[in-house]
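The values are calculated or read from the model by the stated rules, or taken from the named source; none is laboratory data. Owing to the predicted nature of the structure, the values given are computational and were not obtained by experimental measurement. Don't worry about glycine lacking a Cβ; one is built from the backbone with ideal geometry, like all the others, and counts go over all protein chains shown. Areas reflect the complete protein model, heavy atoms only, side chains present, ligands, DNA and RNA absent. Shrake-Rupley method; radii C 1.70, N 1.55, O 1.52, S 1.80 Å.
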Amino acid sequence: MGKPPAARITAFSRGAIVLALSAIAGHAQAAAGEPAFPTHPVRLVLGYPPGGASDAVARVVMQPLAARFGQQIVIDNRPGAGGNIAAEIVARSAPDGYTWLLGNNGILATNQALYERLPFDTLKDFATIILIATQPSVLVVHPSLPVKSVRELIALARAKPGQLNYASSGTGTAGHLAGELFKGLAHVSFVHIPYRGGGPAVIDLVSGQVQFMFATASSVIPHMHSGRLRALAVTSAERSPTLPELPTVASAGVAGFEAVTWHGIVAPAATPPAVIAKINADINVALATTEVKERLAAQGTEPRGGTPAEFTSYLKSEIPKWTKVVRDSGAKPE
């Protein structure tokens, strides 16, 4: 069978498409009699401190976008409460297109189940703009664990139920929930060892204090190359361009498994559709540039893009998926 139509679009034609979309959005805005956008600086609110994955993605993508806008994009880091503080700020902001949230799977999906009460509802209080990027994790084990594949890890776990352990950067984090999803789909039992941050977890994994982990690629690639950790698979649905030699967890023995960190931009609900279309088209253009692709790849992150409707559809699949994992695991916010 041939590739689907979308798969046959060349890099050249894809770039032409996003440029055309940007022009169409601008014409639609003008035809609607709305003022040009933007006419003053935009604020991008982040739920995490500077230096983290969200912050790094934001700075890569916002630089060319600001140049395209001809306006400054101010990155406003508002950490706390698992990103909920930042989300509430944006949800309650004026729906004029000048305040955005860079949300991720934690803020916009898993927090819906982790927290009993939230000051926002992802699907009601935000207008989706675009899914920017995804970042697969890597299933890595300490070399002392006698497994060289996902199937061997599953077999060992079944032979020693409840005796293997895995580390994460904390309860309710992406690494923790990836482990819980793995347990459920593979029908195995592991002991979760939560840490306060990914750094300490990786240190203990390298030293053999814990046995395996679903870790961000950037945090473990040096240890993989040195032989201090053994990589079994990536957690994305498809092989990662960053680590093409590794199979996916799904193809290696756990059908249906996918657990990636993703980053997307939303604005307050009731933001004008023409403004949303303009922002979406311009970010698609930025994501298609070689510089952005290369800088994201250096972080182990893959650019995505697409339409607001596609991002909405993705959210509608992610929220119930992780709600079930959270509830089945009994995870609570730290």
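Brief remarks on what is shown
- Heavy-atom surface analysis with a 1.4 Å probe gives the chain a carbon and sulfur content of 57 percent of its accessible area.
- Solvent-accessible area per residue in the stretch 253-334 equals 42 Å², computed with a 1.4 angstrom probe and all protein chains kept.
- Each peptide in 158-166, 105-113 gets a packing score, the mean of other Cβ atoms within 10 Å over its residues, and the list from highest to lowest is 105-113, 158-166.
- A simple charge model with +1 on the Cβ of Lys and Arg, -1 on the Cβ of Asp and Glu and nothing else charged puts the dipole of the chain at about 620 debye relative to its Cα centre.
- Most fluctuating residue given options 234, 57, 147, as computed from a GNM of the chain linking Cα atoms under 10 Å: 147
- Estimated FRET transfer efficiency when R0 is 45 angstrom, pair residue 158-residue 270 (beta carbons, to 0.05): 0.30
- Residues of the stretch 119-240: accessible area per residue with a 1.4 Å probe, Å²: 40
- Taking 73, 203, 132 in turn, the Gaussian network model of the chain (Cα-Cα springs below 10 Å) assigns the largest fluctuation to 203.
- Residue among 231, 132, 44 farthest towards the positive dipole end of the chain, charges placed on Cβ: 231
- Alpha-carbon spread of the chain, three principal axes, descending order, Å: 68, 47, 35
- Only helices enter this figure: runs of n ≥ 4 DSSP H residues, each worth -39500 (n - 2.57), summed and divided by the residues of the chain, yield -13000 deg cm²/dmol at 222 nm to the nearest 500.
- Antiparallel beta bridges, as assigned by DSSP with both residues in the chain, represent about 60 percent of the total such bridges.
- Efficiency of FRET between residue 317 and residue 239 - r from beta-carbon atoms, R0 22 angstrom, step 0.05: 0.55
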